[in-house]
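Asker: Pasting a structure here, questions to come.
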Amino acid sequence: MNKKNDKKKVLFICTHNSARSQMAEGLLKTLFGDYYEVHSAGTTPSSINPNAIQVMEEIGIDISSHRSKNVSEFMNVQFDYVITVCDQAKESCPFFPGGIIIHKGFKDPAQADGRQKDILREFRKSRDEIKSWLVEAFKPKKD
């Protein structure tokens, strides 16, 4: 187990910090929280999407106490990784010095329409795609 000071700092950025970046934060904290200090923010934050809370709860991760944060809250923090998870955030992301900038766009489940079961299917799909990518990209290497 790593001490907090040894953890790599990660910031996920999305436009509203309401779904994809929040799910990524919750997933990485749960999967590899011993290795990463994880945050998320938005370029124009709003509020956490209730569907994101629901689909994360389905896999045992509670993000209901999260809040949408503005990237400006983190401007004086040095991150090891700054990850934009939507194209719009990539275009309007402020510069964070020193870290590795990664863009990994995921389809916005909040854009889904139709019946609630169809909308939730899109949220689950995004959640699962984000989780698969995080496991592939951030799984700690064994010494």
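Just so it is clear, none of the values below were taken in a lab; they were calculated from the coordinates. These numbers come from a predicted model, not from an experiment.
Asker: Between Rg and the Kirkwood Rh of the chain, both from Cα atoms, what is the Rg to Rh ratio?
Answerer: Value, to two decimals: 0.95.
Asker: So, one more: Among the listed pairs Lys69/Lys104; Lys117/Lys142; Lys8/Lys125, which are separated by more than 29 Å between their Cα atoms?
Answerer: Lys117/Lys142
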